[in-house]
Structures are given as C-alpha cells and as structure tokens.
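Take a look at the structure below.
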Amino acid sequence: MLKSIEVYQLDMGALLAGTKFRGQFEERLKAVINSLKKRPGSILVIDEIHTIVGAGSVSGGTMDASNILKPVLASGEIRCIGSTTYSEYKASFERDRALARRFQKIEIGEPTILEAIQILQGIKSYYEEHHEVKYTDEAISTAVELSAKYINDRCLPDKAVDVIDEAGAAVKLVDQADRAKVINMHDIELVVARMAKIPPKTVSVSDKERLQDLEKELKAVIFGQDPAIAQVVRAIKLSRSGLGSPDKPIGSFLFAGPTGVGKTELAKQLALALGVEFLRFDMSEYMEKHTVSRLI
C-alpha cells in the first residue's frame, strides 16, 4: 500500500536556521507546503511535532508553524504524520484543541518481547556492518529479554537496540588480533550488567537456579530465623512465578523484632543472593521535621 508513497521528513531546525526577518520562516514553510501539494501521493513526517507550536512566531505573535499548517491539514491537501511523547502532547496539543482536532491520535505502545526480537532481527544487519561483527540469534533474544527485565527506565525496542550497539562497540575497542567476530549471549550479559549496574552473575544465572538455592544460602548465614527466611523465600518464589502483579514490587516485608536478631542482616543477605542493590535508610536519623528534606 505504501510502496508508491513518497515520504518527506520536515527538518524544523533547517527551516528556522538563518531567519532574521519577519516573513522568512513563513515563506520557507509555505514553499514546503506548495511543493507537497504538487506531489499528491506524498506524506509529510514531523518528528517531535510539538515543536511546531510557537516555531517561527515573533514576540507576542500568534502566526507560527502550527497555524500555517492548520488550513492545509483541514482541507486534506497534504497528508501528515507526527510523533511526540505523552507529556509533550499534553503540554502542546491539548492546549491547542484546533490543532489536535486536525490529527487522529494513535497511541503506540511498547512492543512485546517477541515483537522486539523481530524488530532487532530486522535491523541487526546495520549494526553488524557498522561494528564488523555478527550477532547470533541467541544474542538478539538475550538482549531483548534481559533489557526488558533489568533496564527499567526505558522502553523496548530502544533499550535492546542500545544493548546490541554497546556490545558491538565493546568488541571493536579490542585489538584487531584479539577481536571476536561473533557476539554471543555472554557478551550481551556483560553489557546488560554494566548498563543496569548490577553484578554480572545476576544476569547470567536464571531465576530458577537462583531461587532454587535461595533458602539454603540464607540459612547458611542467618541462624535462628528459619521460619522468617522460609516465609520470605516463599513470597519471592510466588512473585517470580508470574502469579503476582508485574506493576508491583517483588515483595514488601516488615521485619519486626528486638535489636540484634538479624533483621538488617537478613535484608543484606537477601539483596546479595538476588544480586540487587541494597539501600538502607536509618529512620532514627529522620526524627526531626527538618531532616525529612534529606530523603529527597
């Protein structure tokens, strides 16, 4: 359907560059619009489309790029695709309902792990050519699965793409004589561990193997608290089995007891065994009202 379609991406920076006088920006944008009108099968793509709001307007003026595009969008003379984030959409488009009405809002969600693997399989040739390496199918799958699990501040497929890119760059930094030509699962595990700032063994050992010996490892270093350890391990296994909500933490525990019985040590050893970062807040340091600001 789109094989015969010409797609043009608008460079807003190039349009604005060098515009010193009133009317120069409008003239450039009008020229782009007129050129697109002569190509009825074309599509205009505007990345970060929220930047058209206010672009080219002078102080106190209302004539910006969005107002110039409104008439041709309403008449259907040109076809336009824009992309932006949720926060920028709310800040720009929801304030200008007339502009928002001229677009059909389509929410693009994060792809599934299987879809992300297919995306990476389709683009891996570009990174193989750039880094002069080959990625195994196992490495691609591992990059998606581990990035989805351990890199939580970004979305797929972006974070998985960065993982294979980092892996390729790391190989290219090695001397030519010692450089590996194929990137495997182990290389991906090291990159994910470095990006997520966690021990490499955390990503190299499966959850099943780690949880299988978790209770035994904790009981070997924490003595006299076998019932508490059993309850904690049982709750963690239940959560990791997939029966818990993915939006909730793996576990929230309240260890109650007198000083010196092993409450803090159990938390430390649990973090060490699971390979996660241990952060401790001593609430006795926050008893005064003004000390609350230290938590921020």
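The values are calculated or read from the model by the stated rules, or taken from the named source; none is laboratory data. Every value quoted in this text rests on a predicted model; they were computed, and no experiment measured them. For neighbour counting, all protein chains shown are included, and Cβ atoms are generated from backbone atoms with ideal geometry for every residue, glycine included.
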### Query
Conditions: (1) within 15 Å of the chain's Cα centre (by Cα); (2) buried (at least 18 other Cβ atoms within 10 Å of the Cβ). ASN152 meets all but one. Number of the miss?
(2)
### Task
Quick one: ARG97 ticks every box in (1) closer than 13 Å to ALA160 by Cα; (2) not assigned by TED's automatic domain parsing to the domain that holds ALA169 except a single one, so which number is it?
(1)
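Among the residues of region 201-216, write down those that are of a type outside the set (A, V, I, L, M, F, W, C), under 29 Å from ALA143 (Cα atoms) and either in a helix (DSSP H, G or I) or in contact (Cβ under 8 Å) with a residue 24 or more places away in the chain (or both).
LYS201, THR202, SER204, ASP207, LYS208, GLU209, ARG210, GLN212, listed by residue number.
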### Query
So ASP247 fits all but one of (1) surrounded by 15 or more Cβ atoms within 10 Å (Cβ to Cβ); (2) modelled with pLDDT under 80; (3) not in a helix (DSSP H, G or I); what number is the exception?
(1)
### Query
Only one of VAL58, VAL32 is β-branched (Val, Ile, Thr) and modelled with pLDDT of 90 or more; which?
VAL32
### Task
Could you please let me know if ARG79 is more than 30 Å from ALA167 (Cα to Cα), surrounded by fewer than 11 Cβ atoms within 10 Å (Cβ to Cβ) and either free of Cβ contacts under 8 Å to residues at least 60 places away in the same chain or of a type in the set (Val, Ile, Thr) (or both)?
no
### Message
Anything in region 149-170 that is at pLDDT below 90 and not in a loop (DSSP other than H, G, I, E, B)? List them, or say none.
### Response
LYS149, TYR150
### Summary
From the option list ILE33, ILE43, single residue qualifying as touching a Cys at 6+ places or on another chain (Cβ under 9 Å), touching a residue at least 12 places away in the same chain (Cβ under 8 Å) and surrounded by 12 or more Cβ atoms within 10 Å (Cβ to Cβ) is ILE43
### Message
If I filter region 171-192 down to residues being without any contact (Cβ under 8 Å) to a residue 24 or more places away in the chain and in contact with a helix residue (DSSP H, G or I) (Cβ under 7 Å, 6 or more places away or on another chain), which single residue comes out as farthest from ALA139 (Cα to Cα)?
### Response
ARG179
### Query
How many residues are under 23 Å from the mean Cα position of the chain (by Cα) and assigned to a helix (DSSP H, G or I) when one looks only at region 176-200?
13
### Query
Of the residues that sit in region 201-216 and are of a type in the set (Asp, Glu) and over 25 Å from the mean Cα position of the chain (by Cα), which one is surrounded by the most Cβ atoms within 10 Å (Cβ to Cβ)?
GLU215
### Query
Which one of these is under 22 Å from the mean Cα position of the chain (by Cα) and over 25 Å from THR84 (Cβ atoms): GLY122, GLY168?
GLY168
